[in-house]
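Here's the structure we're looking at; comments come further down.
The values are calculated or read from the model by the stated rules, or taken from the named source; none is laboratory data. Here the structure is a predicted model, which is why all the values come from computation and not from measurement. So basically every Cβ, Gly included, is an ideal-geometry build from the backbone, and we count neighbours across all protein chains shown.
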Amino acid sequence: MEKIVQTEVGGKPLILRSGKIAKQAGGAVQVQYGDTIVLVTVVAANDEKSSDFLPLSVEYQEKIYAAGRIPGNYFRREIGRPSEKETLTSRLIDRPIRPLFPKQWRYETQVIATVLSMDQENDPDVLAVVGASAALTLSDVHFAGPIACVRVGRVEGRLIANPTLSQSHESDINLIVAGSKTGVVMVEGGSKVVSEADLLEAIFFGHEALKPIIEIQEQLQAALGKAKRPYTPPAKDEALMAQLESLAAARIRETLNIPEKMARSTAMRALKTEIVAALGEAYAERKSEAYEMLGDLQKKISRKMILTEGRRIDGRKFDEIRPITCEVGILPRPHGSALFTRGETQVLGVLTLGSGGDEQRVETLAGEEMRPFMLHYNFPPYSVGEVKRVGAPSRRDIGHGGLSTRALESILPDTEKFDYTIRLVSEVFESNGSSSMGTVCAGTLALMDGGVPIKAPASGIAMGLIKEGDQVVILSDILGDEDHFGDMDFKVTGTADGVTALQMDIKILELSKEIMGQALDQACRGRAHILGKMLEVLAEPRAEISEFAPKIFIIKIHPDKIRDVIGPGGKVIRAIQSETNTKIEIEDSGLVKIAATNEAEGQMAMEQVKAIAMEPEEGAIYEGKVVKTTDFGAFVQLAPGTDGLVHISQLANRRVAKVTDVVKEGDIVRVKVLEVSQDGRIRLSMKALLEEENDKGAKENRPPKRD
């Protein structure tokens, strides 16, 4: 039996359907908004898995047929690794639903979201989050939902729920907000430098807009929801926990006082191994359980130190930032570089500049996109003292790169002022707390070191939260351990004037407006401190780009001349590029962009293009080559594809009986343009130049006047 429910979001119906498609899945829901449709399914395995983590996988798939197109690759089908958008959306679905599973849930669970139709106006990503919640709510999986998700934009000062793609291009806020009926569970997005107060208003505008979506999920559950499968979380062995606490609590607390991450981790591992060994043979088969309990005990003690003693692991105040050092220009050949170190987090930002041909071409459901800015984040295993296989970027790497990209896009110069393709690479050398925010800081300094005229420098900070009942502590610049045992990971980036990006994930069920407002205010002060340290090293972008960066020259030619510059089969433009060692791009408007490795080669290429595309002006004097002689005159090439006629009467200031008596094919001559007719014919004269020279000579030889 099919059940259809709907509500209105942003002035348009949002529809949920279930009971007709994919009936063998544990839960299946179609979400429709406009003509965009996403099918989301949930399946949980019947047997429990013995693992120490939640076995949840989320896959988001964009089918190109959804947009009415055939894939543009060689195979003409969706193949290979997920696209960046698919990876980021998979993470977007995962983050708000993961904290809502029981802690001890060990049934392997898979969520698959498939875009079936895309109308080019409504983005399917937020619909996929809604569908995941609805499918989980209908299934037999234990899930503390439902939740819902909307996108929030602001156009001309007016907040909009689920703006269209065209509205998003005009919006100065682009946030994705997920929440329950009573609070926010996730925030993701960016803005064009807006205040914390405006962002807080936008977040809770989104929270109000998503409440009706939760209500229709509850209606769908009432009609089609399955009974939740029998599930009892494993009972905790209180006797073993008490024994471990007596053996280890004091020593764990002592070990937590070690300020250095690696030394603390090494000591903590040794302590846990010793404690488990001390339990004896009676617990030989329960070592994993004992280790898990020791982890819980470490978390409990860490949180208690903050809540009751007012101190952090490394002894800092709650709003204190770790020591910061910055260096710029440390790599000689890249076009800009910066090393940013904050405590035990260290990131190298490397800038490379390119021409328009270096832009990234991306095929999306909305059509083909060209990206002139790329940020690639690399997190090698040595940065956290681990040994792992080095391969393609992980989902985490792509997610951190996406956040850093949003943070810096708003500060990049307009194309009219700086027409370069920009690539930033973040190499994380050490990590103990938010390498993505280190990436924003290192990236900003690398841009400035490379002479990119950014609108304003940006910095970033990661905030944490410890909440027990009414006790709330907000932490600035959190460590990796504080992220692990805390209740929130809240990253904020921005300039001195406002926020450019933010990302929030929580491990508790929801977050109130008051707590989020406090976190934003504290983050603002932290960002300002970090930005001040950055500007002490480099206060503004360098006046010139690197000598090793390509030089861009721009000229405008008449569109009718484009074919002459390109030549038959591209012969002419290839010859210019080969001779001058440049890259040339020509737009339909006649705008020509020349990328050269040095000034001289760029000027040479520009002069050649100008010569080919020149439009002769009446009265102007040119030097050209005689390409043909006839009985009535000689044709002179002023530029490739541009010839003019010197009539026999205009060859000399005397009577000429035969054209070849004066000029022959191949001669280089100076001519003056007498007329350019409407049909493009050019009349030239050599005689006019001879007469002008004679007049000038006569004036110079004339005797001076007597008084």
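Descriptive notes on the structure:
- Within the range 279-295, the set of residues being on the phi < 0 side of the Ramachandran plot, of a type outside the set (Ser, Thr, Tyr) and free of Cβ contacts under 8 Å to residues at least 24 places away in the same chain comprises GLU281, ALA282, ALA284, GLU285, LYS287, GLY295.
- Test: ALA28 is at pLDDT 95 or above, within 30 Å of GLU292 (Cα to Cα) and assigned to a strand (DSSP E or B): no
- Answer residue from the range 611-628, given it is within 16 Å of VAL662 (Cα to Cα) and surrounded by 19 or more Cβ atoms within 10 Å (Cβ to Cβ) and is modelled with the lowest pLDDT among those: GLY624
- Residue that is in the same structural domain as GLN678 (by TED's automatic domain parsing), surrounded by 20 or more Cβ atoms within 10 Å (Cβ to Cβ) and of a type in the set (A, V, I, L, M, F, W, C), where the choices are ALA605, ALA652, ALA596, ALA634: ALA634
- For the range 411-456, residues that are part of a loop (DSSP other than H, G, I, E, B), in contact with an Asp or Glu (Cβ under 8 Å, 6 or more places away or on another chain) and of a type outside the set (Ser, Thr, Tyr) total 4.
- Residue within the range 96-112 that is touching a strand residue (DSSP E or B) at 6+ places or on another chain (Cβ under 7 Å), among the hydrophobic types (A, V, I, L, M, F, W, C) and not in a loop (DSSP other than H, G, I, E, B) present: yes
- On inspection, SER512 passes the criterion of being more than 30 Å from GLU675 (Cβ to Cβ) and among the hydroxyl-bearing types (Ser, Thr, Tyr).
- Selection of the range 594-608 for residues being in contact (Cβ under 8 Å) with a residue 12 or more places away in the chain and either out of contact with any helix residue (DSSP H, G or I) (no Cβ under 6 Å at 6 or more places or on another chain) or among the aromatic types (Phe, Trp, Tyr) (or both) yields ALA595, THR597, ASN598, GLU599, GLY602, GLN603, MET606.
- Against the list (1) under 18 Å from ILE93 (Cα atoms); (2) in contact with a Lys or Arg (Cβ under 8 Å, 6 or more places away or on another chain), the condition VAL150 fails is (2).
- Taking the range 548-590 as the range and being of a type in the set (A, V, I, L, M) and under 17 Å from THR421 (Cα atoms) as the test, the residues that pass are ALA549, ILE552, ILE554, ILE584, ILE586.
- Scope the range 461-512; condition over 20 Å from THR341 (Cα atoms) and assigned to a helix (DSSP H, G or I); matching residues: HIS484, PHE485
- In the range 624-657, the residues that are within 23 Å of ASN694 (Cα to Cα) and in a loop (DSSP other than H, G, I, E, B): LEU651, ALA652, ASN653, ARG654, ARG655, VAL656, ALA657
Yes or no, residue by residue, for (1) assigned by TED's automatic domain parsing to the domain that holds SER18; (2) part of a strand (DSSP E or B); (3) among the aliphatic types (A, V, I, L, M); (4) farther than 22 Å from VAL492 by Cβ:
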residue: ASN174; (1), (2), (3), (4): yes, yes, no, no
residue: VAL193; (1), (2), (3), (4): yes, yes, yes, no
residue: ALA202; (1), (2), (3), (4): yes, no, yes, no
residue: GLY206; (1), (2), (3), (4): yes, no, no, no
residue: GLN219; (1), (2), (3), (4): yes, no, no, yes
residue: PRO233; (1), (2), (3), (4): no, no, no, yes
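- Which listed residue is part of a helix (DSSP H, G or I) and either over 30 Å from THR444 (Cα atoms) or not assigned by TED's automatic domain parsing to the domain that holds LYS455 (or both), from ARG542, ARG527, ARG574: ARG574
- When the test is whether a residue is modelled with pLDDT under 95, in contact with a strand residue (DSSP E or B) (Cβ under 9 Å, 6 or more places away or on another chain) and part of a helix (DSSP H, G or I), ARG361 does not pass it.
- Residue count for the range 276-294, restricted to those that are out of contact with any helix residue (DSSP H, G or I) (no Cβ under 7 Å at 6 or more places or on another chain), of a type in the set (Gly, Ala, Ser) and surrounded by 15 or more Cβ atoms within 10 Å (Cβ to Cβ): 0
- Residue check, GLN217 in contact with a strand residue (DSSP E or B) (Cβ under 9 Å, 6 or more places away or on another chain) and within 18 Å of LEU16 (Cα to Cα): yes
- Among residues of the range 484-533, those that are among the charged types (D, E, K, R) and under 24 Å from GLY145 (Cβ atoms), counted: 7
- Filter result for ILE258 (outside the structural domain of ASP52 (by TED's automatic domain parsing), assigned to a loop (DSSP other than H, G, I, E, B) and surrounded by 15 or more Cβ atoms within 10 Å (Cβ to Cβ)): yes
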